[in-house]
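Inspection log for the structure reproduced underneath, given as structure tokens.
We did not get these values from a lab; they are worked out from the coordinates using the rules stated. Here the structure is a predicted model, which means the values were calculated and not measured. Glycine also receives a Cβ, built like all others from the backbone with ideal geometry; neighbour counts cover every protein chain displayed.
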Amino acid sequence: MARLEEEQLEQIARIVDLVLQRREEEQSAQKSRTNRMFDLMLEHWGATTVVFALAALLAASLFYGASPFFYVKKLAIEDAEVSAKQEKHAYEANLARRYHQLGLRLLDQGLWTAADLEFKRAEQLDPNNLQIALARRNVAIFKEVPADEYDPALVELRLLHFFNDRSEEEADKPPLISDPHALARLGDIYRLNQDARKARARYESALRKRPQLAHAHAGLAQLSLDQKDYPGAFRHYEKALELSPSNSVYLANLGSAFLESGDAGKAIPVLRRAIALDPNLLVPYLDLARAFRHKRDHRQSWRIMKYLLSSFDQAALFKPEGKNARLWVFAIGDRQFLLATTAAKTAYIHASSALSAHLAGRRNAAEEVAGRISWAPGHEFDVRSAVEAEALQLLKGQPEHEERIRAFFKLPTYARAQR
């Protein structure tokens with residue numbers, strides 16, 4: 001019995017050992033399979049990534065109740081939206097740059113209001129662009145107060161505040177303005193305040209920085225004209241027109257320069273070109289009528305002024321900040337006459353027309369037009385002085401018309417207008 005029990009115990013022990021051995025073998029086999037699976041996944045990691053991604057999409061679709069393709073499509077849409085926003089930003093930045101460049105080209109011709117419109121469009125597309133903001137500020141400085149009322153020192157101080165290119169390390173050095181358009185406009189201010197030396201320095205500095213700046217050449221031309229340097233004036237106006245061939249103001253100024261130099265023959269075709277380019281610009285009509293008066297063609301002079309009067313619309317032609325709103329400067333003999341207000345300009349148009357009509361032998365028309373003159377204390381002296389100065393000039397060159405010229409100032413309507 002004891003021996004049987006020992007045999008049973010040994011058999012039980014063998015069975016236990018066998019079970020433990022088999023369990024170890026199964027665990028070893030399971031571990032081997034797991035290792036082989038990981039090795040296979042590592043070997044084919046790309047496919048493994050796809051499988052896991054698909055499994056994740058499947059799990060998400062089961063959880064949220066949507067198709068896996070919904071999330072693929074959503075990711076694609078979001079990526080397309082980002083790309084579209086980037087393309088739109090690049091497009092708007094490019095368009096803003098083009099508007100800015102167009103504004104600068106308009107500034108080259110001294111067209112401040114038109115340039116500001118382009119700068120405003122650029123700023124709407126790219127509001128954080130410093131160069132565009134400075135360009136608008138440049139225009140604003142000169143639009144706040146009419147140029148002829150500016151103190152040049154105050155203007156320069158304002159410009160230095162915004163356009164000083166000195167760094168903080170160079171604070172001990174004199175301030176420096178490098179913006180060519182600001183320099184050219186500052187030249188205008190000094191010229192209008194009769195500081196020719198400073199005006200010339202600003203124009204020349206502007207041209208060194210931006211050779212295509214036609215407005216600076218026009219300023220130098222006017223300086224030359226003020227100093228009776230007619231060849232210099234012609235040269236600079238022709239250069240301005242070379243840079244801006246369709247600028248009617250430059251053409252009109254060149255025609256005025258020819259007229260002032262005493263060459264009415266050269267002035268006439270230039271002034272006609274100016275009128276053809278811009279029929280609403282008034283000064284070329286007045287200068288063209290003067291040119292024909294100096295050529296003794298008084299009938300043609302009256303035709304021009306009659307046409308001007310027939311189409312004259314004060315509200316339309318004298319728009320604020322328009323071309324006719326600029327300061328009118330007439331050089332007659334050794335004197336200059338400045339007409340700044342709409343009332344003064346309108347009075348001069350009627351007085352000049354009446355003179356042309358009278359010299360052409362149209363006394364009734366002259367009386368009727370002279371009757372339209374509306375004098376005001378602020379401009380009566382300037383307008384009357386300009387008309388009288390031209391009459392005296394005509395007397396010297398056309399003594400045969402002395403009686404008719406003197407009779408003009410005795411016209412009842414003109415005499416009453418002067419009172």
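Observations, loosely collected:
- Using the Cβ-Cβ distance between N164 and D278 with R0 = 41 Å, the FRET efficiency computed as 1/(1 + (r/R0)^6) comes to roughly 0.65.
- Relative contact order computed over segment 277-379 (Cα-Cα under 8 Å; 6+ residues apart), in percent: 25
- Between A80 and L95, the simple label model (points 7 Å from Cα in the Cβ direction) yields a spacing of 2.2 nm.
- Separation in nanometres of the label points that stand 7 Å from Cα toward Cβ, at N364 and I15: 15.1
- Rounded to the nearest whole Hz, the Karplus-based 3J(HN,Hα) values (6.51 cos²θ - 1.76 cosθ + 1.60, θ = phi - 60°) of segment 228-236 follow the sequence 6, 8, 5, x, x, 5, 4, 4, 6, with x at glycine and proline.
- D151, D172 arranged by Cβ crowding within 10 Å, fewest neighbours leading: D172, D151
- 3J(HN,Hα) along segment 240-250: 4, 6, 4, 7, 9, x, 9, 7, 5, 5, 5 Hz, from the Karplus curve 6.51 cos²θ - 1.76 cosθ + 1.60 with θ = phi - 60°, whole Hz, x for Gly and Pro.
- Take the Cα of Q131, step 7 Å toward its Cβ, do the same at L117, and the gap between the two points is 2.3 nm.
- Rel. contact order, % - alpha carbon contacts under 8 angstrom, at least six apart, segment 187-256: 23
- Applied to segment 105-122, the Karplus parametrisation 6.51 cos²θ - 1.76 cosθ + 1.60 on θ = phi - 60° returns per-residue 3J(HN,Hα) values of 5, 5, 5, 4, 9, x, 8, 5, 5, 5, 5, 5, 4, 5, 5, 5, 5, 5 Hz, with x for Gly and Pro.
- Summarising the amide proton neighbourhood of Q336: residues at separation of 5 or more, or on other chains, whose placed amide H is nearer than 5 Å comprise an empty set.
- Among the listed pairs K319/K396; K228/K410; K198/K239, those whose Cα-Cα separation exceeds 32 Å are K319/K396; K228/K410.
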